[in-house]
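Quick notes on the structure that follows.
The values are calculated or read from the model by the stated rules, or taken from the named source; none is laboratory data. This one's a predicted model, so the numbers in the text were calculated from it and none came from an experiment. Every residue, glycine as well, gets a Cβ built from its backbone with ideal geometry; the counts of neighbours run over all protein chains shown.
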Amino acid sequence: MNKVLFKKLAKLHITTPCGLFRLGKCFIHDGVTLMAIMRFAAIYYPNQCALVTGGKRFTYKELYEQAYLLAKILLLDYGVKRDMCIGILCKNHLITVLLLPALARIGVSIKLINTDIASSKIGEVVRKHNIHLLFSDSELKEKYIYDNLPCQTETTENLNKALSSNRKFTDFKIPHIRCGRDIAVFTGGSSGKYKEASRRMSVFQFLPPLFALLEEIRIDEHDSVFIPLPIFHGFGLATLIISFVMGKKVCLMRKFDAKEALEAILEENIEVLSLVPAMLARLWQTENASDYMKNVKCIICGGDRLDKKWATITNERLGHVLYNLFGTSEAGFFMIASPEDLTKNEEITIGKPIRGVMCQVGNPDINGIGPLLVCSNWAMTSLKGKWQSTGDLVYRNTEGYYFYRGRADKMVVCGGENVYPDYVEKVINEHPEVLASVVYPSPEPKFGMVLDAKVEIAPYSSLTSEDIKSWLRTRLSRAEMPHKISIQSINVLETGKLRR
């Protein structure tokens with residue numbers, strides 16, 4: 001550990017003798033859980049604003065006390081017991097945040113379910129993971145049919161009412177545990193094919209990502225973090241936890257809306273944005289966006305492919321504040337590209353591996369392109385410390401920078417040639433009047449398969465599909481050229497990703 005990083009950790013009270021002593025006491029009191037992290041933060045930042053959500057503000061002391069009270073309510077009123085499996089199907093708000101440390105303190109397994117999940121899939125998830133109790137928002141309960149679910153269900157609104165009753169439970173103590181169970185998120189939301197990525201809470205689980213954020217991004221130098229990403233997204237969850245470790249003010253959005261987001265960024269004097277590229281694109285497409293983001297010092301972009309256009313616009317309007325993070329829910333984030341990395345390379349790079357991660361290109365073709373392999377000690381439980389394929393195709397240059405080429409499972413044979421929809425999307429998105437695009441294969445009698453595209457243009461644009469095809473002819477091969485282009489709005493998932 002270098003001196004600069006040691007000083008940063010000392011400033012956060014993590015490496016000082018007093019800080020280590022207090023952290024140890026927190027782990028003894030609440031086990032190795034998120035509740036212990038909240039307790040540690042409440043000791044050092046009791047009166048600092050911890051959370052802004054739903055028009056209300058909560059200090060670290062209030063947040064810890066509310067989480068502890070909620071844990072008692074869950075035990076006494078809802079019969080939650082250690083080693084149960086509890087599902088959370090909620091948008092971003094206070095109860096969602098409080099459920100994480102409260103359930104961890106009890107010692108249950110937590111399943112964060114994507115709110116975009118198809119209503120027909122919820123029963124399958126409940127049965128497959130043996131969920132005993134499912135918490136959801138009332139608005140989501142209307143979307144899903146809970147009558148036939150083999151588990152108890154409860155709304156977050158009722159939990160909020162129980163918290164508001166101010167019951168003290170002074171004679172009741174939460175049973176002691178040594179460590180929490182696993183927290184799982186479900187990947188594959190943009191494709192609709194969900195897979196579980198589970199991690200067990202550990203003292204060292206978030207240290208390597210924290211070190212990277214301190215060393216590479218210097219996030220500790222800023223006071224406020226805006227998270228429009230849902231907490232059930234691995235990127236959003238990690239940002240929330242690490243922000244709490246550092247005592248930051250965290251602002252959450254229940255559902256992303258570009259105009260509302262910009263107003264919150266200005267009103268709360270936000271310095272750090274943590275979002276996916278599609279959110280960044282929609283912010284910049286909003287009128288006078290630069291005026292709202294004048295106080296932003298750092299933008300952490302991850303969770304999807306970042307297009308060159310949005311990186312260039314960000315640099316022109318805000319300066320060198322944009323960082324590109326790359327990772328997967330299974331492996332965690334493991335690469336960072338700094339603003340300098342993004343500008344020195346003609347193509348957008350996904351960066352270089354952070355400390356403690358090994359990456360390599362497996363079986364590259366004659367162009368040096370192959371599947372990305374990664375070995376990480378903070379990967380999901382079953383893959384920790386093991387080599388795994390991310391399913392992404394990448395290229396590594398002589399300086400060690402990695403470049404994204406597309407998903408291996410999305411390769412399509414068109415007219416006898418291998419083409420990649422991700423690459424075609426990237427080229428289409430370079431058009432200055434294109435907001436987003438989705439490219440997908442379609443059957444065609446003559447060629448077997450061809451590519452078609454849905455393209456969303458900027459509000460002020462009058463582009464036609466023929467205009468886009470004409471612009472693409474010098475940039476794509478014949479096999480890559482979309483046969484049909486539809487100009488339309490593209491649905492965005494709760495995660496901010498485009499629905500594919």
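For segment 462-500, the tally of residues that are hydroxyl-bearing (S, T, Y) and closer than 15 Å to R282 by Cα stands at 2.
Filtering I73, I88, I110 for residues that are more than 15 Å from C151 (Cβ to Cβ) and among the aliphatic types (A, V, I, L, M) leaves a single hit, I73. Restricting attention to segment 113-172, the residues that are in contact with an Asp or Glu (Cβ under 7 Å, 6 or more places away or on another chain) and either surrounded by fewer than 16 Cβ atoms within 10 Å (Cβ to Cβ) or in a helix (DSSP H, G or I) (or both) add up to 3. Scanning segment 359-380 for residues that are hydrophobic (A, V, I, L, M, F, W, C) and either over 22 Å from the mean Cα position of the chain (by Cα) or not assigned by TED's automatic domain parsing to the domain that holds G234 (or both) returns V361, I366, I369.
Would you confirm whether any residue within segment 421-442 is more than 21 Å from R282 (Cβ to Cβ) and over 33 Å from the mean Cα position of the chain (by Cα)? Scanning segment 421-442 turns up no residue that is more than 21 Å from R282 (Cβ to Cβ) and over 33 Å from the mean Cα position of the chain (by Cα). Taken together, the residues in segment 361-385 that are assigned to a loop (DSSP other than H, G, I, E, B) and either surrounded by 13 or more Cβ atoms within 10 Å (Cβ to Cβ) or touching a residue at least 12 places away in the same chain (Cβ under 8 Å) (or both) amount to 9. In segment 215-231, the qualifying residues are those that are in contact (Cβ under 8 Å) with a residue 60 or more places away in the chain and crowded, with 21+ Cβ neighbours inside 10 Å, and the one that is farthest from L94 (Cα to Cα) is I219. Just give me the residues in segment 389-429 being outside any helix (DSSP H, G or I) and among the basic types (K, R), in sequence order. Selection gives R396, R405, R407. Every listed requirement among (1) out of contact with any strand residue (DSSP E or B) (no Cβ under 6 Å at 6 or more places or on another chain); (2) under 29 Å from T390 (Cα atoms); (3) part of a helix (DSSP H, G or I) is met by T239 save one, (1).
Taking the residues in segment 232-261 that are among the small types (G, A, S) and more than 22 Å from R282 (Cβ to Cβ) as candidates, determine which candidate is surrounded by the most Cβ atoms within 10 Å (Cβ to Cβ). In this case the residue turns out to be A238.
The residues listed here are V427, V434, V412; of these, the one that is of a type outside the set (K, R) and out of contact with any strand residue (DSSP E or B) (no Cβ under 8 Å at 6 or more places or on another chain) is V427.
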